[in-house]
1. Sorting check: for 149-158, 127-136, which peptide has the highest mean count of neighbouring beta carbons within 10 Å, and how do the rest follow?
2. Please work out, to two decimal places, the log10 of the ratio I(q)/I(0) at q = 0.16 Å⁻¹ from a Debye calculation in which every Cα of the chain carries one identical scatterer.
3. Give me the log10 of I(q) over I(0) for segment 59-123 at q = 0.24, 0.27, 0.29 Å⁻¹, as the Debye formula computes it from C-alpha points; what are the numbers?
4. Quick one: which of 35-41, 92-98 comes out on top by average Cβ neighbours within 10 Å, and what's the full order, highest first?
5. Using a probe of 1.4 angstrom, how much of the accessible area of the chain is carbon and sulfur, in percent?
6. Given +1 on the Cβ of Lys and Arg, -1 on the Cβ of Asp and Glu, and no further charges, what dipole in debye does the chain carry about its Cα centre, rounded to the nearest 20?
7. Accessible area per residue, 1.4 Å probe, Å², for segment 4-188: what's the number?
8. Grab the beta carbon distance between His147 and Thr189, set R0 = 45 Å, and tell me the FRET efficiency rounded to 0.05.
Amino acid sequence: MANLKLLLVGVGNPGQKYAHNRHNIGFVILDSFLESHSGSYQTNSKYSLARTDEEGLTLFYLKPLEFMNLSGKAVAEIAKKNGIPTENVLVIHDEIDFEFGKLKLKGGGGHAGHNGLRDIVEKLGNNSFFRLRFGVGKPSDVAEVPHHVLSNFNPDEREKIPALVRACEQKISDWIRERKNEFRKVSDTQ
């Protein structure tokens, strides 16, 4: 039987300066999920990439390192190089249209003004990938959005992050299980 390949992408900005920003929650979640699967990244100037293998499944963990707005290049490169179809890509990102802590997994859709998603859609050539959206809240003044996403979580939010990251990891595990079931169904009919 063929091996299912899935690509998990956490988006954010590289460097210690941005490490605890709201915009970098995708990196935080992906790092935690990789750690729970005993993997480690190999890093170059364009991205950090890890791979774990289990029976019938290969997981790739990708953190693009050319800043949020340029995330699509690395995603498209890794997906193409490894023969991973767009519907087997899950992008983990911050979501300003959700209040802090709201989590939602969805397939397809627009970019809703998220520049990282916009670039991924453009470079992949379609929007059929999955997204795990992590609510970071939205300031009342739209002009404050760039400052908001590039600021750190407040102390009250930081206290809640570990439990929310665990909830995200469960959503990722559920998505992987669904993709495996779908893959088996398709394989069984061929």
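1. Listed from highest to lowest mean packing, they are 127-136, 149-158.
2. -0.97
3. Relative scattering, expressed as log10 I(q)/I(0), comes to -1.17, -1.38, -1.48.
4. Packing order, densest peptide first, comes out as 92-98, 35-41.
5. Working: 4670 of 9520 Å².
Carbon and sulfur together cover 49 percent of it.
6. Details: 26 positive and 24 negative charges, 74 e Å.
It comes to approximately 360 debye.
7. 48
8. For His147 and Thr189, the calculated efficiency is 0.30.
The values are calculated or read from the model by the stated rules, or taken from the named source; none is laboratory data. Bear in mind the structure is a predicted one, so any value in this text is a computation, not a measurement. Positions of Cβ are backbone-derived with ideal geometry, glycine not excepted, and every protein chain shown enters the neighbour counts. Accessible surface areas use protein heavy atoms only, side chains included; no ligands, DNA or RNA. Shrake-Rupley method; radii C 1.70, N 1.55, O 1.52, S 1.80 Å.
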